[in-house]
Amino acid sequence: MNDQSRKIFRTSQLEEADGPGLNPTDKRTMGDIIAARFSRRAFLRGSMAATAITATVSPLAILAAGDAQAQGAVEGSAFNFPEVLAGVDADHHVAEGYDADVLLRWGDKVFADAPEFDPLNQSEAAQERQFGYNNDFVGFIPLDGADDHGLLVVNHEYTNEHLMFPGIVTLKDGEIEVAAGTEDRVNIEMAAHGGTVIEIRKVDGKWQPVLDSKLNRRITAKTAMQLSGPAAGHARLQTVADPSGTEVFGTINNCAGGVTPWGTYIMAEENIHGYFTGTLPEGHAEAQNYERMGIPEGSYDWGNFHDRFDLSKEPNEPNRFGWVVEVDVMDPTSKPKKRTALGRFKHEGAESVVAKDGRVVFYLGDDERFDYVYKFVTAGKFDPDNRAANMDLLDEGTLYVARFDEDGGLQWLPLVHGEGPLTAENGFASQADILIETRRAADLLEATPMDRPEDIQPNPQTGRAYVMLTNNTKREEANAANPRIENAFGHIIELVEQDGDFAATTGTWEVLVQCGDPSIAEVGATFSTATTENGWFGMPDNCAVDADGRLWVSTDGNSPSDTGRTDGLWALDTEGAARGTSRLFYRVPVGAEMCGPCPTPDMSTFFVAVQHPGDGGDDWEGHGRPSYYEDLSTRWPDFNDALPVRPSVVAITKQGGGKIG
Ligand code: FEO
Ligand code: CA
Ligand code: CA
Ligand code: CA
């Protein structure tokens, strides 16, 4: 990397690039290491892995499996739809009998007076009025209790400059190099981040945005926000621009999120390290803290034009990111609040559920190799009849980190100042220090290092929750909850809270499924035998539990060379004889990741987010070379030579109406 160009940024690449994970807590004995190396399978590594795995996924085999099993339900399954055939092409595909309609694309108007999308003349002012880039989390907040009218809330996680902007890519040795960002480009990138709140309504069976709604809102990397909770105002959060330590601009890398029981929108700040450049002053007190978070990673040029992203100028600014952000969607002028009580790490999402006693529980994943699963339990109780009374529930409560015991026991360890090792002796002068350096506090409590915790979804009907663990190929020591050394395809853990009480501090756990191709014994996948060649997947990421308590899983990282298929949305049985059976319901175009999945309460619509379509295609026979603005692997969803590929939210409905799946 030099100052004229930088490598393309993509979350998954960034996560791949960060070496063996950032958690230095490693208690392996030499015997463990030797045992691990001895059992490692060479075929899973490097290009040999790609050859071995793709060789098993012949298109003919997929077709044959499709013919045999695509029709009809699996015995005991909660799902009944004709399965989509797994594969790779330029378009998206949904199960037969369903419509997948593009609802909102990058650049679409969010306000009636917004300019038309013009990719050759994009501006910050236009982007601030248009739908942002790389839609990830999608939430639906019904208005007037209706299933055909509500607010759609959507995160815009990050930007892919090589797909967004013309004339900035050069190919060097077959690799994409992106020109350094100009000030205008950086400001467009910042405006394409954040989130969108937009009113939508079903008209004649099809969803439409309501562009003149007073509730529509764009949130960006510049939106004024408030830090609240125990760490707000702390000296470590103070900057030259904000000596109060309470006023921060913007939110970045909002991956998944949540909708609270009181109807606010949660945006989780995940890979914040990529945005910071520069070096800390010599001997700065935050050096260890930032090293644990991988800061600075320097994937963006924002620090060249905005001092707060340059560590040499605003050394405390990174402490103002990595939080969970709450947005009051009913007041578009309200300041979003960064809720410090939920800790600071690479927050994947924050899905919530009301516990038996009325307290509210938020499940939180820290998406890094060897990092942890958390939950937050509010001190106060949810009042369903008084929305205003719930608006600051997230400022007080207890943050716990999970220890998965070898015997299947689950312990939630409180991150509370003064308890156990969380004292001044270990550098925690107050609860604020614990929240700012949550990872280090959790290390000291000996939480279980996981294979990249992503979305965690409670099932209110059963008292259980599902943890997506996306992958980890850097592990040298297995533990019971992360049993594969070479976990290229990830797994899903089912948490069973004690007595079905989500606020419990103990429980049990079980691996629901180890992912990957079940036909390759060495992969160790454990889908049920009723799962077809189309039905298995790798790299679980986001998930949803629908009103019937059924689990849906979306993926990040399936590709022609890894799994012979694109990412998609899979229906995964969790109950009875069909438990562990997976079926493919929807798949994305080449290069994309599947995000969002959000069913409406009546299950008549499934909103899904197609993120970074066209980001890739080198390993797909339909393209076979780098994909960038001038030479895209797909121009989904418009397929218009004058328009680039566009990340979009898609509304899936059943033809003729009715419940999905
Ligand atoms: Fe942004 Fe952890 O996926
Ligand atoms: Ca994710
Ligand atoms: Ca979810
Ligand atoms: Ca991911």
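Points to keep in mind about this one:
- Flag for residue 607 being on the phi > 0 side of the Ramachandran plot and modelled with pLDDT of 95 or more: no
- Selection status of residue 494, open to solvent by 20 Å² or more (accessible area, probe 1.4 Å) and away from ligand 2 (no atom under 16 Å from the Cβ): no
- Within the stretch 158-200, being closer than 21 Å to residue 220 by Cα and of a type in the set (A, V, I, L, M, F, W, C) holds for 163, 164, 165, 186, 188, 190, 191, 192, 197, 198, 200.
So that you can scan it fast, the table gives a plain yes or no per residue for (1) assigned to a strand (DSSP E or B); (2) more than 25 Å from residue 593 (Cα to Cα):
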site: 412; (1), (2): yes, yes
site: 439; (1), (2): no, yes
site: 443; (1), (2): no, yes
site: 457; (1), (2): yes, no
site: 462; (1), (2): no, yes
site: 465; (1), (2): yes, no
site: 468; (1), (2): yes, no
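- Taking first residues from the stretch 425-444 that are more than 16 Å from residue 401 (Cα to Cα) and partners that are buried (at least 21 other Cβ atoms within 10 Å of the Cβ) and among the hydroxyl-bearing types (Ser, Thr, Tyr), the Cβ contacts under 8 Å between residues at least 6 apart in sequence or on separate chains come to 432/340.
- Options 473, 462; residue that is out of contact with any strand residue (DSSP E or B) (no Cβ under 6 Å at 6 or more places or on another chain), modelled with pLDDT of 95 or more, within 16 Å of ligand 4 (Cβ to nearest atom) and among the β-branched types (Val, Ile, Thr): 473
- So residue 352, is it within 22 Å of the chain's Cα centre (by Cα), open to solvent by 20 Å² or more (accessible area, probe 1.4 Å) and more than 16 Å from ligand 1 (Cβ to nearest atom): yes
- Residue match in the stretch 485-493 (condition: touching a Leu at 6+ places or on another chain (Cβ under 8 Å) and of a type in the set (Val, Ile, Thr)): yes
- Evaluation of residue 223 against (1) under 28 Å from residue 470 (Cα atoms); (2) open to solvent by less than 30 Å² (accessible area, probe 1.4 Å) (one fails), failing number: (1)
- Selected residue (criterion: farthest from ligand 4 (Cβ to nearest atom)) from residues of the stretch 151-179 that are touching a helix residue (DSSP H, G or I) at 6+ places or on another chain (Cβ under 8 Å) and open to solvent by 10 Å² or more (accessible area, probe 1.4 Å): 166
- If you go through the stretch 513-525 and pick out every residue that is crowded, with 24+ Cβ neighbours inside 10 Å and part of a strand (DSSP E or B), you end up with 1.
- Matching residues, the stretch 358-394, being touching a Pro at 6+ places or on another chain (Cβ under 8 Å) and either of a type in the set (Gly, Ala, Ser) or open to solvent by 40 Å² or more (accessible area, probe 1.4 Å) (or both): 365, 382, 384
- Any hit, the stretch 208-220, residues being hydroxyl-bearing (Ser, Thr, Tyr) and surrounded by fewer than 20 Cβ atoms within 10 Å (Cβ to Cβ): yes
- Any hit, the stretch 616-639, residues being within 15 Å of ligand 3 (Cβ to nearest atom), more than 28 Å from residue 478 (Cα to Cα), at pLDDT 95 or above and in contact with an Asp or Glu (Cβ under 7 Å, 6 or more places away or on another chain): no
- Take the conditions (1) in contact with a His (Cβ under 8 Å, 6 or more places away or on another chain); (2) within 16 Å of ligand 4 (Cβ to nearest atom); residue 513 misses just one of them, which is (2).
- The set of residues in the stretch 259-318 that are in a helix (DSSP H, G or I) and open to solvent by 20 Å² or more (accessible area, probe 1.4 Å) comprises 287, 288, 291, 292, 304, 307, 308.
Results for (1) farther than 17 Å from residue 223 by Cβ; (2) β-branched (Val, Ile, Thr); (3) without any contact (Cβ under 8 Å) to a residue 60 or more places away in the chain, shown as yes or no for each residue.
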residue	(1), (2), (3)
327	no, yes, no
361	yes, yes, no
364	yes, no, no
373	yes, yes, no
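- Cross-chain or 6+ apart pairs with Cβ under 8 Å, the stretch 533-548 first and at positive phi and within 12 Å of ligand 4 (Cβ to nearest atom), then open to solvent by less than 10 Å² (accessible area, probe 1.4 Å) and charged (D, E, K, R): 539/567
- Test result for residue 499, away from ligand 1 (no atom under 16 Å from the Cβ), surrounded by 22 or more Cβ atoms within 10 Å (Cβ to Cβ) and either within 28 Å of residue 353 (Cβ to Cβ) or not β-branched (Val, Ile, Thr) (or both): no
- Single residue of the stretch 526-569 satisfying the filter (touching a His at 6+ places or on another chain (Cβ under 9 Å) and more than 16 Å from ligand 3 (Cβ to nearest atom)) that is most open to solvent (accessible area, probe 1.4 Å): 526
The values are calculated or read from the model by the stated rules, or taken from the named source; none is laboratory data. What you are looking at is a predicted structure, and each value in this text was computed from that prediction instead of being measured. In this analysis, Cβ positions are derived from the backbone assuming ideal geometry, glycine residues included, and neighbour counts consider all displayed protein chains. All accessible areas refer to the heavy atoms of the entire protein, side chains included, with ligands and DNA or RNA removed. Shrake-Rupley method; radii C 1.70, N 1.55, O 1.52, S 1.80 Å.
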